[in-house]
1. Of all residues being within 10 Å of the chain's Cα centre (by Cα) and open to solvent by 50 Å² or more (accessible area, probe 1.4 Å) in region 61-106, which is nearest to V2 (Cα to Cα)? Just the residue, please.
2. Look at V46 and say whether it is at pLDDT 85 or above and in contact with a Phe, Trp or Tyr (Cβ under 8 Å, 6 or more places away or on another chain).
3. Report yes if A38 is of a type in the set (G, A, S), touching a residue at least 24 places away in the same chain (Cβ under 8 Å), more than 16 Å from I95 (Cα to Cα) and touching a Gly at 6+ places or on another chain (Cβ under 9 Å), otherwise no.
4. What pairs come up if the first residue lies in region 76-104 and is basic (K, R), the second is part of a helix (DSSP H, G or I), and their beta carbons are under 7 Å apart, counting only those six or more places apart or on different chains?
5. Yes or no: region 28-39 includes at least one residue that is of a type outside the set (S, T, Y), outside any loop (DSSP other than H, G, I, E, B) and surrounded by 13 or more Cβ atoms within 10 Å (Cβ to Cβ).
6. Here is a check on your reading of the model: is L18 among the hydrophobic types (A, V, I, L, M, F, W, C), open to solvent by less than 90 Å² (accessible area, probe 1.4 Å) and assigned to a loop (DSSP other than H, G, I, E, B)?
7. Condition test on P54, is it over 19 Å from P12 (Cβ atoms), surrounded by fewer than 21 Cβ atoms within 10 Å (Cβ to Cβ) and either at pLDDT below 85 or in contact with an Asp or Glu (Cβ under 7 Å, 6 or more places away or on another chain) (or both)?
Amino acid sequence: MVIQYMDDGFAPHVDRGLATARTRLEPSRLDPDRNGEAEKHSRSMVEHILALEPERVPAVTAELFTEAIAIANAVRQAQGRGPVTSFRARDFWEILKDLIDSVLEK
């Protein structure tokens, strides 16, 4: 198995994660981006957290993380709540990273 890393930057992987989130949200009729702010928030949150990562990040991990944050933001918006906080996003990042690392190690 060949692991693709984010050597080409954040943008293509964040874009794929956001596109997947939109596709997953369509059937539930949750609009992930009513006024453009939710997607901007998701993108900036993900890029900020990934920029803090000292190690190379597998592309699949970045895409899954972006997708999860975008979906969480859409659900929270539908509930009338604010966006995902950076504290919760960092916690989720660490959990997802550990999970993906454990799979890649086997």
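The values are calculated or read from the model by the stated rules, or taken from the named source; none is laboratory data. Because the structure is predicted, anything quoted here is derived from the model rather than measured. Here Cβ is always computed from backbone atoms with ideal geometry, including for glycine, and neighbour counts include all displayed protein chains. Just so you know, the surface numbers come from the protein's heavy atoms only, side chains and all, with ligands and any DNA or RNA stripped out. Shrake-Rupley method; radii C 1.70, N 1.55, O 1.52, S 1.80 Å.
1. This residue is L64.
2. Values: at pLDDT 85 or above: yes; in contact with a Phe, Trp or Tyr (Cβ under 8 Å, 6 or more places away or on another chain): yes.
For V46, the condition - at pLDDT 85 or above and in contact with a Phe, Trp or Tyr (Cβ under 8 Å, 6 or more places away or on another chain) - is met.
3. Details: of a type in the set (G, A, S): yes; touching a residue at least 24 places away in the same chain (Cβ under 8 Å): yes; more than 16 Å from I95 (Cα to Cα): yes; touching a Gly at 6+ places or on another chain (Cβ under 9 Å): no.
No; evaluated as a whole, the condition is false for this residue.
4. Qualifying pairs under 7 Å: R90/I49; K97/T61.
5. Our first condition is that a residue be of a type outside the set (S, T, Y); within region 28-39, this holds for 29-39.
Applying the additional criterion that residues be outside any loop (DSSP other than H, G, I, E, B) yields 37-39.
Next, only the ones that are surrounded by 13 or more Cβ atoms within 10 Å (Cβ to Cβ) stay: 38-39.
Yes, the conditions are met somewhere in region 28-39.
6. Numbers: among the hydrophobic types (A, V, I, L, M, F, W, C): yes; open to solvent by less than 90 Å² (accessible area, probe 1.4 Å): yes; assigned to a loop (DSSP other than H, G, I, E, B): no.
It is false that L18 is among the hydrophobic types (A, V, I, L, M, F, W, C), open to solvent by less than 90 Å² (accessible area, probe 1.4 Å) and assigned to a loop (DSSP other than H, G, I, E, B).
7. On the way: over 19 Å from P12 (Cβ atoms): yes; surrounded by fewer than 21 Cβ atoms within 10 Å (Cβ to Cβ): yes; either at pLDDT below 85 or in contact with an Asp or Glu (Cβ under 7 Å, 6 or more places away or on another chain) (or both): yes.
The answer is yes for P54.
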